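Q: Structure below; questions to follow.
Laboratory data are not the source of any read-out in this text; all were calculated from the coordinates shown. All of these numbers come straight from a predicted model, not from anything done at the bench. All Cβ positions, even for glycine, are placed from backbone atoms using ideal geometry, and neighbour counts span all protein chains on display.
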Amino acid sequence: MEELNNLLHGFSVALTLPNLGFMVLGITLGILIGVLPGLGGANGIAILLPLTFSMDQTSAIIMLSCIYWGALFGGAITSILFNIPGEPWSVATTFDGFPLAQQGRAGAALTAAFTSSFVGAFFAVLLITFLAPLVAKFALKFGAAEMFAVQMLTFCSFVGMSKEPPAKTLAVMALGFAMAAVGMDTVTGTLRMTYGFPELLKGFDFLIAVIGLFGIGEILLTMEEGLAFKGKSAKIQLNIVLQTWKELLRYWRTSIRSVLVGCWMGVTPGGATPASFMAYGLARRGAKDKDSFGKGNVEGVVAPETAAHAAGTSALLPMLTLGIPGSPTAAVLLGGLLIWGLQPGPLLFQEKPDFVWGLIASMYLGNIVGLIVVLTTVPWWAAILRIPFSVIGPVIIVICAIGAYTVHSSIFDVIMMLVFGVFGYLFKKLRYPLAPLVLALVLGDMAESSFRQSMLLSQGSLSIFWANPLVAGLMSLSFVMLLWPIVPALKHYLRGRD
Amino acid sequence: MERSEDAAEAGLSNRWPEILVALFLLAVGVIVVSDSMRIGTGWEEGEGPQAGYFPFYIGCILLVSSGWILIGALARISKPQPQFASWVELKSVMQMLVPLSIYIVAVVYLGLYVSSFVLIAYFMKVHGKFGVIGTVLTSVGVPLAAFMLFERWFLVPLPKGPIEQMLGL
């Protein structure tokens, strides 16, 4: 019951008036970010990160994580009312959410979405509360080889689980690692791939990459789709909320299934987007009236929203305990921790218990605050979406440029943002996944140093990765994940021979 | 009416974008591998792995995977391809990309505030067909709000150009 004591202590850290204020502020900013095209959880937090440098660390992380919850909530509003997914993980929500809104049941759809999000996040936080300390304790025994094996597993899982072609996943991942290697090598002091450009000395900052890839890239994609906001207006009355809650109880099976899918996909770096699609598919397969899906079935809103939030929240578990983020947004939060001088990983739980448990407590509180805020403020957000893109678009570009500049006060970064933006657009169009690129850029240095340390320990022999059952198990699992995409082809081949 | 619909469907196929991006990745792979070889990919006696040790393998992975994508794309080159985007869609993308690029160049020389004012005013006037008052209020208001928020409250200076210098800011 040590966890409960720690958690109670965490509540006492998080439940101060300024921190509650930061929570409401974070949730509100987050919903705004989630609602606006071109601003998402990852780049929204990346843009706001420099503003938190002067804040108290615990308050800052509370605000930033609340922005994350807010963005998760916000994505549902645009999907249901406007059929425009504000975030990739709310694409599956449009399938049934928008038809419901067209039938005049927008209130019910939104209530279902917000409540399911809350449920998904709540169970994921429970998982973090009780599992994270155990994982952290276990990970304390990890040496360099084990750390590298975990990182290897993370990246191989991308290849095995992503829906994009495996060669493209591998290529962007290697591109991310290569960009992380640019600049001065911290061990030997050698300059790598700088070619005499002083701007390249410090390497590529992943915050700039995130703002460009996700922000500018998304703006270009939005332009391509040609925005015509023809949304449904929405008000949520109390009796509709209560009615919907009663209806939701019937879908407990779908909820549990979606929570499980979401938590699994969040902890392993599958991410919220595939989780939402998987949960939607499972719900439809398990339903009695399959035909009603896609035409406005509340269950079709419950499943993806629950899974997306469970995944988005549980992505913080490996981030906190191992220093390996489960999603791009978690990666940005990790970057924030590093900038504040906090090294995420098993030691964080021992050295900064106030910070860790304050953050975990704020996840409970933030989600409750978030649910209340979204349920009461939906009409305003719907109104914001009626502002034409000819205003929103350039304003978001200005915000992205400011965000990119403030990271290092460097004009070069603003130019790089544009370059990343163009590549973000191209990569999206050609089905190159962006998440592995960002994670490789964030984790590149860490992966390299754990690899080098392992090599030093073993005097250059790769056998260290098979030296004990734990590291051997992790490595074998990595290779299974890496080779997973070959399995269908192999099956096909074998069947062809019979 | 029919003609414009046809025009909406015609567009750029995936063929060349796919090949060009693969070639770009391949080129990056060549840079990574060659630079790693320059700084040494081996084992320094008494020191451990050299600086190019890890990036070398990364570059190899990049070469193999992008080569694989390129071969796949070349093998399909004469077959029908999915559409990258229609010409109409590409035109709208360019309507954003061109002003955006000019904006970034302008930020370098004119600073952020003036460039942002011009960018927002341009979009509102040309694409949004807003009236003069609304356009001026928004395009002046946003940079002004950014100025108050960053320079005054958070004390984060943003890039400024000759015009701000003239105003003595």
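Q: Using 0.36 nm per residue, how much length does the chain from residue A:387 to residue A:137 gain when fully extended, once their Cα-Cα distance is taken away?
A: Value of the extension gain: 85.0 nm.
Q: How big is the dipole moment of chain B about its Cα centre under a simple scheme where the beta carbon of each Lys and Arg is +1, that of each Asp and Glu is -1, and everything else is neutral? Debye, nearest 20, please.
A: Charge dipole of chain B: 520 debye, to the nearest 20.
Q: Moving on to the next point. Return the long-range amide H neighbours of residue B:11 (sequence gap of 5 or more, or a different chain), with a cut-off of under 5 Å between placed amide H atoms.
A: The list, which skips near neighbours in sequence, is B:87.
Q: For segment A:37-156, calculate the relative contact order in percent as a whole number, restricting contacts to Cα pairs under 8 Å that are 6 or more residues apart.
A: 16
Q: Just to be sure I understand the model, the point goes 7 Å from the Cα along the line to the Cβ. What's the resulting residue A:354 to residue B:24 distance in nm?
A: About 4.7 nm separates the two model spin labels.
Q: What are the ³J(HN,Hα) couplings of segment A:323-332, residue after residue, when phi is run through the Karplus curve with 6.51, -1.76, 1.60 and θ = phi - 60°? Round to Hz, x for glycine and proline.
A: Coupling constants for segment A:323-332: x, 10, x, x, 8, x, 5, 4, 5, 5 Hz.
Q: For a test of the definition: using alpha carbon positions, the gyration tensor, and the 1.5 limit on a/c, classify chain B as rounded, prolate or oblate.
A: Oblate shape, in that a/c is at least 1.5 and b/c is the bigger or equal ratio.
Q: Relative contact order of chain A, please, whole-number percent, based on alpha carbon pairs below 8 angstrom and at least 6 residues apart.
A: 29
Q: I would also like to ask the following. Report Rg (one decimal) and Dmax (nearest whole number) for segment A:1-496, counting Cα atoms only, units Å.
A: Expressed in Å, the Cα Rg and Dmax of segment A:1-496 come to 22.0, 69.
Q: Given R₀ = 60 Å, FRET efficiency for residue B:86-residue A:9 by Cβ-Cβ distance, to 0.05?
A: Given R0 = 60 Å and the Cβ-Cβ separation, E is 0.55.
Q: Just to confirm the number: angle between the C-alpha axis of helix A:106-139 and the first principal axis of chain A, 0 to 90 degrees, nearest 10?
A: With rounding to tens, the tilt is 30 degrees.
Q: Going down the table (A:352/A:429; A:168/B:79; A:163/A:295; A:163/A:352; A:163/B:125; A:202/A:352), which pairs top 32 Å between alpha carbons?
A: A:352/A:429; A:163/A:352; A:163/B:125
Q: Additional query: Among the aspartates and glutamates, which fall within straight-line cross-link reach of residue B:160, defined as a Cα-Cα distance under 18 Å, with same-chain neighbours fewer than 8 residues apart omitted?
A: Filter leaves A:413, B:151.
Q: With label points built 7 Å along Cα→Cβ from the Cα atoms of residue A:202 and residue A:190, find their separation and express it in nm.
A: So the label points at residue A:202 and residue A:190 sit 2.5 nm apart.
Q: 7 Å from Cα along Cα→Cβ at both residue B:43 and residue B:166: what's the point-to-point distance in nm?
A: 6.7
Q: Ok, one more. Please work out the Cα convex hull volume for segment B:86-168 and give it in Å³ per residue.
A: 99
Q: Let me ask something additional. Have a look at B:141, B:110, B:88 and report the one farthest towards the positive end of the charge dipole of segment B:86-168, computed about the Cα centre with Cβ charges (Lys/Arg +1, Asp/Glu -1).
A: Positive-most Cα among the choices belongs to B:88.
Q: Another one. Mind running the shape call on segment B:11-85? Use the C-alpha gyration tensor, a ≥ b ≥ c as the square roots of the eigenvalues: rounded below 1.5 for a/c, prolate if a/b tops b/c, oblate otherwise.
A: It is prolate, given that a/c is not under 1.5 and a/b is the larger ratio.
Q: Ok, one more. Any chance you could give the angle, 0 to 90 degrees and rounded to 10, that helix A:353-384 forms with the longest Cα principal axis of chain A?
A: The helix A:353-384 is inclined about 40 degrees to chain A.
Q: At 24 angstrom or more along the helix axis (alpha-carbon based) and mean Kyte-Doolittle of 1.6 or higher, what helices does chain B contain? Whole DSSP H runs only.
A: Flagged H segments are B:53-75.
Q: Further question: Which FRET efficiency value, to the nearest 0.05, is calculated for residue A:461 and residue A:376 with the Förster distance at 45 angstrom and r the Cβ-Cβ distance?
A: That pair, residue A:461 with residue A:376, gives E of 0.15.
Q: Any chance you could give the angle, 0 to 90 degrees and rounded to 10, that helix A:389-408 forms with the longest Cα principal axis of chain A?
A: Its long axis makes an angle of about 30 degrees.
Q: Okay, next question. Fully extended, how many nm does the chain gain between residue A:243 and residue A:486 (0.36 nm per residue separation, minus their Cα-Cα distance)?
A: Taking residue A:243 through residue A:486 to full extension adds about 82.6 nm, to one decimal.
Q: Could you size up the charge dipole of segment A:352-492 around its Cα centre, putting +1 on the beta carbon of Lys and Arg and -1 on that of Asp and Glu, and report it in debye to the nearest 20?
A: Here the size comes out at about 480 debye.
Q: What is the gain in length, in nm to one decimal, between residue B:144 and residue B:71 on full extension, counting 0.36 nm per residue of separation less the C-alpha to C-alpha distance?
A: Length difference between fully extended and current span is 21.1 nm.
Q: Any idea which of B:28, B:62, B:12 is furthest toward the positive side of the dipole for segment B:11-85, if Lys and Arg beta-carbons carry +1 and Asp and Glu beta-carbons -1?
A: Farthest towards the positive pole: B:12.
Q: Let me ask you something else. Relative contact order, percent, of segment B:11-85 when contacts are C-alpha pairs under 8 Å separated by at least 6 residues?
A: Computed over segment B:11-85, the figure is 47 percent.
Q: Charges only on Cβ, +1 for Lys and Arg, -1 for Asp and Glu: so what's the dipole of the protein assembly as shown about the Cα centre, in debye to the nearest 20?
A: So the dipole magnitude of the protein assembly as shown works out to roughly 1660 debye.
Q: Toward the positive end of the charge dipole of segment A:1-151, about the Cα centre and with charges on Cβ (Lys, Arg +1; Asp, Glu -1), which of A:118, A:60, A:108 goes farthest?
A: A:108
Q: Can I ask one more? Given a Förster distance of 45 Å, report the FRET efficiency between residue A:368 and residue B:109 from their Cβ-Cβ distance, rounded to the nearest 0.05.
A: Result of the calculation: an efficiency of 0.40.
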